[in-house]
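A short reminder: the numbers here are calculations on the coordinates, not readings from a lab. Just so you know, these numbers come straight off a predicted model, no measurement behind them. All Cβ positions, glycine included, derive from the backbone under ideal geometry; neighbour counts span all protein chains shown.
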């Protein structure tokens, strides 16, 4: 999995590419921890290039969301592919982590 971090005034966007699975969860954890240490109040996880998410990846997203909520911060997701979106819906992830179709909507949602 490749992870590119983009720092914006309104938050940090993590552009993920590849699969979010048990096998590569460590890289995601490191990127999230780096964002938390930087004082990130809104973490946006761009899922546009993620092809597959397994149960460990889903669990990790939930844990990250809960961790940010404890800090009065927010996690959002961007543009998951249809297959990934279906997996997320079956696991009720959108009830915990809002999904947006573009960066602007995600950034505006935090400001509201």
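List of remarks:
- Share antiparallel - DSSP beta bridges, the chain, percent rounded to 5: 30
- The P(r) of the chain has a tail past 20 Å containing 31 percent of all C-alpha pairs.
- Residue of 72, 81, 25 that the Gaussian network model of the chain assigns the largest fluctuation, springs spanning Cα pairs under 10 Å: 72
- Cα gyration tensor shape of the range 49-101, rounded if a/c is under 1.5, else prolate or oblate by comparing a/b with b/c: prolate
- Simple spin-label estimate for residue 95 and residue 71 gives 2.6 nm between the two label positions (7 Å along the Cα-to-Cβ direction from each Cα).
- Largest GNM mean-square fluctuation among 96, 47, 77, using the chain with Cα springs under 10 Å: 96.
- For the range 55-93 versus the range 6-27, the spacing of their alpha-carbon centroids is 12 Å.
- Note on 95, 69: ascending count of other Cβ atoms within 10 Å places them as 95, 69, the fewest first.
- A Förster radius of 22 Å, combined with the Cβ-Cβ distance separating residue 17 from residue 55, puts the computed FRET efficiency at roughly 0.60.
- Remark: spin-label model distance residue 8-residue 38 equals 1.3 nm, labels positioned 7 Å along the Cα→Cβ axis.
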